[in-house]
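Here the structure is laid out as structure tokens; the discussion comes afterwards.
The values are calculated or read from the model by the stated rules, or taken from the named source; none is laboratory data. Since the model is a prediction, treat every value here as computed from it, not as a measurement. In this analysis, Cβ positions are derived from the backbone assuming ideal geometry, glycine residues included, and neighbour counts consider all displayed protein chains. The protein model used for the area step is the full one, side chains on, heavy atoms only, and it has no ligands, DNA or RNA in it. Shrake-Rupley method; radii C 1.70, N 1.55, O 1.52, S 1.80 Å.
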Amino acid sequence: MTRRLRVPEDAGGERLDRFLAGIAEIGSRGAAERLLDEGGVLVDGAAHGKSYKLAGGEEVSFEPPGPVTSTVEPEQMDLRIAYEDEYLLVVDKPAGVVVHPAPGHATGTLVHGLVGHAVAGGDEPERPGIVHRLDRDTSGLMVVARSAEAHRRLQALLRRRDLKREYLALVVGRPRSRTGVIEAPIGRDRTNPLRHSLDTANPRDAVTHFEVEELLPRHALLRVSLETGRTHQIRVHLAYGRPAELGLERQFLHAARLAFPHPITEQPVDVTSPLPADLEAALMQARAARGSR
């Protein structure tokens, strides 16, 4: 059924794809771009490209996209579900697991393990229910939708920055203050497009908050929260790697807390995750270094 709506006057100057992504029935830039590529959107009766600038007051008509069916086959995976209801779940992702299928990772991803938990929503068949991601070597909490409506509303929470994400990170050295804010734009590195860094030709705003959880002789345990969610943001802003002297095979980074208003019931959801065994062991080693000098 064709949907028609009037562009608000205060949306004047906005790109067509961004405007469409903010409509609940579409819900994302990817879905908006597919509709535009298929010629399924008209502005005052005419088709336009995704970068078309709206003036305000136009009539936009489109056919709402249908539900996306996942193409991922379920796989048995031992996962800790930290919270769940009929609309969503919060999974405690193990380190070493890629979130969704990608080149070189056709099987064994977190999504393969979640398909059997009735996850759904979103416009990409290989990423049902996925709202945000964690790097392969980062452990901890992710919220995943179980319906298209829950997915759209969770994405809206993310855009409004109402999805609070806190991480625990162990870094080498000691910050100059116990709390701080890092504001440094991030983008693809000028010389290596596979990396993200501060040295970029296409910077995007990135804001990271931190507070010292515990000071150690050679390290600091930080509680980090993201105001924005750029790719590899914490890695770039903290410029840390793997504390090799602690025997870690990965970076010390754990998504320890997720807090948000429930997208359907609006009740508060607040979930925490303890440090996994490898990070707890590394932290104990860092603490034991007291007095070793």
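Of all residues in region 171-180, those that are under 12 Å from F210 (Cβ atoms) and not in a loop (DSSP other than H, G, I, E, B) total 3.
Can you tell me which of G113, G173 is in contact (Cβ under 8 Å) with a residue 24 or more places away in the chain and surrounded by 19 or more Cβ atoms within 10 Å (Cβ to Cβ)?
On the way: G173 fails: surrounded by 19 or more Cβ atoms within 10 Å (Cβ to Cβ).
Of G113, G173, the one residue that is in contact (Cβ under 8 Å) with a residue 24 or more places away in the chain and surrounded by 19 or more Cβ atoms within 10 Å (Cβ to Cβ) is G113.
For L154, are the conditions met, namely being of a type in the set (A, V, I, L, M, F, W, C), under 30 Å from G13 (Cβ atoms) and not in a strand (DSSP E or B)?
Numbers: of a type in the set (A, V, I, L, M, F, W, C): yes; under 30 Å from G13 (Cβ atoms): yes; not in a strand (DSSP E or B): yes.
Yes: the conditions hold for L154.
Hey, can you tell me all the residues within region 80-110 that are closer than 20 Å to V271 by Cα, open to solvent by less than 30 Å² (accessible area, probe 1.4 Å) and assigned to a loop (DSSP other than H, G, I, E, B)? Passing the criteria: only V99. Applying the selection to region 56-72, what residues are of a type in the set (S, T, Y) and either touching an Asp or Glu at 6+ places or on another chain (Cβ under 9 Å) or more than 23 Å from R146 (Cα to Cα) (or both)? Result: S61, S70, T71. Within region 1-55, the set of residues being small (G, A, S), under 28 Å from S147 (Cβ atoms), outside any helix (DSSP H, G or I) and touching a residue at least 12 places away in the same chain (Cβ under 8 Å) comprises A24, G27, S28, G40. Would you mention how many residues in region 19-35 are open to solvent by 20 Å² or more (accessible area, probe 1.4 Å), touching a helix residue (DSSP H, G or I) at 6+ places or on another chain (Cβ under 7 Å) and either charged (D, E, K, R) or at pLDDT 85 or above (or both)? So the answer is 3. Among residues belonging to region 121-162 that are touching a Pro at 6+ places or on another chain (Cβ under 7 Å) and among the hydrophobic types (A, V, I, L, M, F, W, C), point out the one that is most open to solvent (accessible area, probe 1.4 Å). Once the filter is applied, the top-ranked residue is A148.
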